[in-house]
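The next block holds one structure in the form of structure tokens; read it before the comments.
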Amino acid sequence: MKIIEYRDSYAQQVADMWNKSSSNWGDDQTIQTAEDVIRSETTSGNIKLYLAMDNDIIVGYCSFSLYQHDEGASYLPLLNVIPEYHGKKVGKALILQVIEDAKKSNWSRFDLFTWSGNIKAMPLYKKCGFFWEKLNRDVHLMNFIPYLYQTDAINEYMDKIDCYNDSKRIIDMEQDGIEKNGFEYYRYDYVNNDVSLSCEFEKTGRGMRYLDTPEYTIEMTVENHEVVYNCNYKVDFVVSNKTDKPLAIKIKGNNNKNIEFSMDEDVKVIDNIEFNGQFNVVPTDKEQDKSRTHPVVEANIYINGKHVLFKTGVETKEPVNLRLRVLDYTHVLNKQYSAYLDIENNLDTEEEFTINLPSNFVEFDKNNKIVLKPKEKRSITIKYTLSEFGFYKEKAEVTYSNYKLNKIVYSIFKGAMSSFIGSAEYLYYMVSGNFVTILNTKSNNLAMINSFHENNISALMAPSLGKPYSLEFATAKPEVKIISDNEVKVIYSSNDFKGIQLIINIKHTFGILETYYEIINEGEDRELSLSIPVWYRMKDNVVPYNNKLLSVKGIVEADLGNLDSIKIDENWLFNAKARYGLCWDNSIEMKLSDWKLKFDIADIKIEKNSSFITPKIYSSFVHKDVKDFRAFAGNVTKKRTNSFLELDINNGNPFASDNVEIKVINNKKAPLEGTFTVDSKETNIQESIHATPGSKEIIVDIKEKSVLFKRLVFEKQGATKQTIEDDSLVINNGLLTFKASKDYADSIYSLIFNDNEWLDSNYPTPKERAWWGDFVGGLTTRVSGIQDNSSLKETREVEFVSLKDNFENEWQGIKVSLMIENDPDYKGLVVETYTMTLPGVPVVHSFANIINKTGKLIENKEFSKYNVLKIDDKKEQATIKQGNTSYKLNQVELSLIADKLVLYSSSREYKFGVYNKDNTLLADTQKKYNILFSEKNMTIPDNESKQQAGDFIIFTKEDLTKEALIDLENIKFEV
């Protein structure tokens, strides 16, 4: 086995390694390709990437990078060894290789994160010098071996030590840390025949505080870990000389962040000596992140002229901590509300605190008093009113005993139509209406939320310039310019690409976040690439995928590894639960990479003293549904929504003359293993089953779940007959008959199935019914504002038609045309209603084709299909069922809205169902009628036509479900 550096020529072998390693990663079934590997590594920002190769097979992977989330550390982002090579010291070889890079780097610490399920690897990590930090959530490890090799005073000892084999540290499965007086220390002990060395590092300061060599011992001790502003604390140094020669010791204290330490000692040590000093804690507005390096008490120590840096971290605190918490109100001015003030006493004494919050546009209660024991936390309620909306950031006045201090508190006070920007510490809040965009200049990400306290759905992360891509902006502190009450500019100056500035332009307007990037070149002519990583929560999303809309549900499905970037064929993503959308310009390439999205713009040529501006990226909380957001992103073509696991029955055709082929479709990137069963036939999920038409229950059994699908396939048989009876055109498909008469109205006035009439009309003469003067009934199409009495005055035609759908099913039926000439608003409008059927099926399909020859745009006009029904001969026993409730018809006035499917039942043997994928279905009933309205608002340009989604009328003895009928949505006609 050998360790080699990664090249793109190894990409396929690396992909094979990942595909063999699913058991290492919670049985992740993501399938990697060479293209996936190249894409991921191109934008990873890794400094080095090592591979373990055995007989031309890649068996291990280990990367080396800068640690972005803390100072002074390199990082091991990813380590993997294929399962069959576990226990063969591949992981050890890879880790020791990257430790060599860490030792030679500019960073004195080497960190890694793993997950709680991987603690089986902890003995290896510890043996290689890592310490497991005591944390409740994350599994974070720190390695200080680079510091040992980078430190002048220790070099001569480290040259004689093998850190792996000479370590005498006890290796166990527990979190590390020697706890002492509020501190935690990590200890190395090395012993061999030539030398012994022991040292300790303090956890929060990430620095050495104890060193024991064959010649001397130095120990640093700080009085308290938690220290309060404006107070002095002790720090002691004890030096022991183990030789018979004087030891030249120089100790020089350094200031660090808000710690002032000015010790200056220079002595010869014969045996033992103790140095006593003090450090002062200076107040600061910066809040300490407990997961990052703390302020330290720091000293440069020289032993016989050789340098070592000692550091011990402390947690600095105000005497009292305050936090103002405002609930997510959409405020009204001059109305009283309640806020909460969290108070923590960091003193060692019990105190009565009096707190006053300055009033400006917020008027608070005065003289809020509370008594707190030492280290006690409490929360009090305070009342307030607003004279305007805005970002409140003021110094609260806190008095106790004979002391007075000021503590900054801040919060958002928003209204429905207010926009403003405020900043506190490293956060910028862009508030517009009920929505808040947060710019974090510490982690350099940008996210919008629809509530002050709600988690975000996505975040634009720190961008990278390349190639090779640099991670410099992940840790850089940008300049932020507030342009207006809803616009900011975030400005980065590159060190890796001299003369380059990257500006992020951000505009937030009432729930729509607009972002674009500008690259300014003040140096030489360049060719650059820009990569914008995006954290995105995929759960509950709809994704435009493989020419369909893919519904992603549950945490397992939400893994980005389930999706193939190439199959995402539109420029948007939409979280249906949160009603949050993300969209981008079609010219921006969107890729899925590991756990995030990436927007890439490659090969940007920028001449000196010129700039490049990217297209805009949008985030939105204001679109009501996926259809609305798709239109916002520029996509209006209708698509069907599917899931990762779906069925293909008869290639999507719900009508068949013979046996149908049934297949399971897997939309995940990884292959599925399992079986499925139809009509007692079982086969492998990669195979298919042939079955007779009819009502089908298909059980799909895969590794993580068993899924029951229901589908209805209608059997075509016999022939459809066209006849003329008196004034009527008649269609008979062997099971049902329907009729239309030009002399009567623009209506299908009769539909007979199983010897029962199912339509309610006034044939042969329209007459008064309820509030209609000339009531037609049956199946008609109406444009809003034109009633039956007006339609009867217009020209109409009735004719037999034959149409083939997109599956080559040949439908027979009647086309009823209404030519509007008398209505001044809609003169020239033609409404063609097609009522069609196939031979031997209990199905009628009725749709309208609207032709606009009015000379104007028809905009957002409602067109309605009137289905006037006779469900029960006596009008006493008909019902509609919704959920667990059955609603009685013809009893009282009642209106019910249904989604896609309405199913009527009565004393008759058969039920009457209506399915429509797109229209609003409104069931309206009273004693004199039952009408099912099938409604859709349509916009039709002049001299163009548009189809209204059709109703499928189904006669059945079963309780139909939307799922069983979903393939009806595949039927399309061109007329």
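Can you go through Glu287, Glu274, Glu298 and tell me which one is in a strand (DSSP E or B) and either touching a residue at least 60 places away in the same chain (Cβ under 8 Å) or among the basic types (Lys, Arg) (or both)?
On the way: Glu287 fails: in a strand (DSSP E or B); Glu274 fails: either touching a residue at least 60 places away in the same chain (Cβ under 8 Å) or among the basic types (Lys, Arg) (or both).
Just one listed residue meets the conditions, Glu298.
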Is it the case that some residue within the stretch 931-944 is modelled with pLDDT of 95 or more, open to solvent by 60 Å² or more (accessible area, probe 1.4 Å) and not in a loop (DSSP other than H, G, I, E, B)? yes
Can you tell me which of Gln97, Gln68 is modelled with pLDDT of 95 or more, open to solvent by 50 Å² or more (accessible area, probe 1.4 Å) and outside any strand (DSSP E or B)? Gln97
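Given the condition in contact (Cβ under 8 Å) with a residue 12 or more places away in the chain, farther than 22 Å from Val783 by Cβ, open to solvent by 10 Å² or more (accessible area, probe 1.4 Å) and of a type in the set (D, E, K, R), answer yes or no: does some residue in the stretch 806-819 qualify?
Let us first name the residues in the stretch 806-819 that are in contact (Cβ under 8 Å) with a residue 12 or more places away in the chain, namely 806-807, 809-819.
Subset that is farther than 22 Å from Val783 by Cβ: 806-807, 809-812.
Then keep just the ones that are open to solvent by 10 Å² or more (accessible area, probe 1.4 Å); that gives 806-807, 810, 812.
Pick out the ones that are also of a type in the set (D, E, K, R) and you get 810.
Yes; the residues of the stretch 806-819 include at least one that is in contact (Cβ under 8 Å) with a residue 12 or more places away in the chain, farther than 22 Å from Val783 by Cβ, open to solvent by 10 Å² or more (accessible area, probe 1.4 Å) and of a type in the set (D, E, K, R).
Residues that are among the aliphatic types (A, V, I, L, M): list the strands (runs of 3 or more DSSP E) wholly contained in the stretch 575-644 that include at least 3 such residues.
Details: elements: 580-584, 589-593, 596-606, 610-613, 617-620, 641-643.
Qualifying strands (runs of 3 or more DSSP E): 596-606.
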Considering the stretch 490-526, residues that are basic (Lys, Arg) and farther than 17 Å from Asn445 by Cα, and then whichever is most open to solvent (accessible area, probe 1.4 Å), we arrive at Lys498
Cβ pairs under 7 Å, 6+ apart, first in the stretch 578-591 and β-branched (Val, Ile, Thr), second surrounded by fewer than 21 Cβ atoms within 10 Å (Cβ to Cβ): Ile588/Ile601; Ile588/Pro615
Can you tell me which residue among Asn24, Asn46, Asn80 is assigned to a strand (DSSP E or B) and either basic (Lys, Arg) or within 34 Å of the chain's Cα centre (by Cα) (or both)? Asn80
Qualifying positions in the stretch 1-21 - assigned to a helix (DSSP H, G or I) and of a type in the set (A, V, I, L, M, F, W, C): Ala11, Val14, Ala15, Met17, Trp18
Of the conditions (1) open to solvent by less than 20 Å² (accessible area, probe 1.4 Å); (2) touching a residue at least 40 places away in the same chain (Cβ under 8 Å); (3) of a type outside the set (S, T, N, Q); (4) in a strand (DSSP E or B), Ala670 satisfies every one except a single condition; which number is it? (4)
Listed by first then second residue, the pairs whose first member lies in the stretch 71-91 and is under 16 Å from Leu51 (Cα atoms), whose partner is of a type outside the set (Ser, Thr, Tyr) and open to solvent by 50 Å² or more (accessible area, probe 1.4 Å), with beta carbons under 7 Å and at least 6 positions apart or on separate chains, are Ile82/Lys20; Val90/Met1
Kindly check whether there is at least one residue in the stretch 394-408 that is small (Gly, Ala, Ser) and more than 39 Å from the chain's Cα centre (by Cα). yes
Check Ile161 against each of (1) surrounded by 18 or more Cβ atoms within 10 Å (Cβ to Cβ); (2) without any contact (Cβ under 8 Å) to a residue 24 or more places away in the chain and name the one condition it does not meet. (2)
Close pairs from the stretch 717-741: first farther than 17 Å from Asn756 by Cβ, partner exposed (fewer than 14 other Cβ atoms within 10 Å of the Cβ), Cβ under 6 Å, at least 6 apart: Asp727/Asp743
Can you name the number of the only condition in (1) among the hydroxyl-bearing types (Ser, Thr, Tyr); (2) over 32 Å from the mean Cα position of the chain (by Cα); (3) in a strand (DSSP E or B) that Tyr125 fails? (3)
Looking for something surrounded by fewer than 21 Cβ atoms within 10 Å (Cβ to Cβ) and assigned to a strand (DSSP E or B) - is there at least one such residue anywhere in the stretch 761-768? yes
Residues of the stretch 147-158 satisfying the condition of being part of a loop (DSSP other than H, G, I, E, B) and either open to solvent by 50 Å² or more (accessible area, probe 1.4 Å) or in contact with a Phe, Trp or Tyr (Cβ under 7 Å, 6 or more places away or on another chain) (or both): Asp152
Ala52 at negative phi, modelled with pLDDT of 95 or more and open to solvent by less than 50 Å² (accessible area, probe 1.4 Å): yes
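Which of the residues that make up the stretch 109-130 are open to solvent by 40 Å² or more (accessible area, probe 1.4 Å) and small (Gly, Ala, Ser)?
At the first step, the residues of the stretch 109-130 found to be open to solvent by 40 Å² or more (accessible area, probe 1.4 Å) are 113, 115-117, 119-120, 123-124, 127.
If the condition is that a residue be open to solvent by 40 Å² or more (accessible area, probe 1.4 Å) and small (Gly, Ala, Ser), then Ser116, Gly117 are the ones that fit.
Could you list, in sequence order, all residues of the stretch 423-442 that are assigned to a strand (DSSP E or B) and surrounded by fewer than 19 Cβ atoms within 10 Å (Cβ to Cβ)?
Step one: of the stretch 423-442, the residues assigned to a strand (DSSP E or B) are 423-424, 427-432, 435-440.
Passing the criteria: Ser423, Ala424, Leu427, Ile438, Asn440.
Of the residues that sit in the stretch 552-565 and are in contact (Cβ under 8 Å) with a residue 24 or more places away in the chain and open to solvent by 20 Å² or more (accessible area, probe 1.4 Å), which one is farthest from the chain's Cα centre (by Cα)? Walk me through it before giving the result.
Taking the stretch 552-565 and keeping what is in contact (Cβ under 8 Å) with a residue 24 or more places away in the chain, we get 552-553, 556-557, 559-565.
If we keep only those that are open to solvent by 20 Å² or more (accessible area, probe 1.4 Å) too, we end up with 553, 556-557, 559, 564.
Working: Lys553: 12, Val556: 13, Glu557: 12, Asp559: 10, Asp564: 16 Å.
In this case the residue turns out to be Asp564.
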So Thr213 ticks every box in (1) out of contact with any His (no Cβ under 7 Å at 6 or more places or on another chain); (2) open to solvent by 30 Å² or more (accessible area, probe 1.4 Å) but one. Which box is left unticked? (2)
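If you go through the stretch 888-915, how many residues are without any contact (Cβ under 8 Å) to a residue 12 or more places away in the chain and either part of a loop (DSSP other than H, G, I, E, B) or surrounded by 15 or more Cβ atoms within 10 Å (Cβ to Cβ) (or both)? Before you say what the answer is, go through the steps one by one.
Of the stretch 888-915, the ones without any contact (Cβ under 8 Å) to a residue 12 or more places away in the chain are 888.
Still in the list and also either part of a loop (DSSP other than H, G, I, E, B) or surrounded by 15 or more Cβ atoms within 10 Å (Cβ to Cβ) (or both): none.
Number of matching residues: 0.
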Ser802 is checked against (1) in contact (Cβ under 8 Å) with a residue 40 or more places away in the chain; (2) assigned to a strand (DSSP E or B); (3) open to solvent by 20 Å² or more (accessible area, probe 1.4 Å) and fails just one. What number does that condition carry? (1)
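Pick out, from the stretch 464-513, the strands (runs of 3 or more DSSP E) lying fully within it that include 2 or more residues that are free of Cβ contacts under 8 Å to residues at least 24 places away in the same chain.
On the way: elements: 464-466, 479-484, 487-493, 500-509.
Here the list reads 479-484, 487-493, 500-509.
The values are calculated or read from the model by the stated rules, or taken from the named source; none is laboratory data. Fair warning: this is a prediction, and the values are worked out from it, not measured in the lab. Counting neighbours? That spans all protein chains shown, and the Cβs are built from the backbone with ideal geometry, glycine included. Surface accessibility is based on the protein's heavy atoms, side chains included, excluding ligands, DNA and RNA. Shrake-Rupley method; radii C 1.70, N 1.55, O 1.52, S 1.80 Å.
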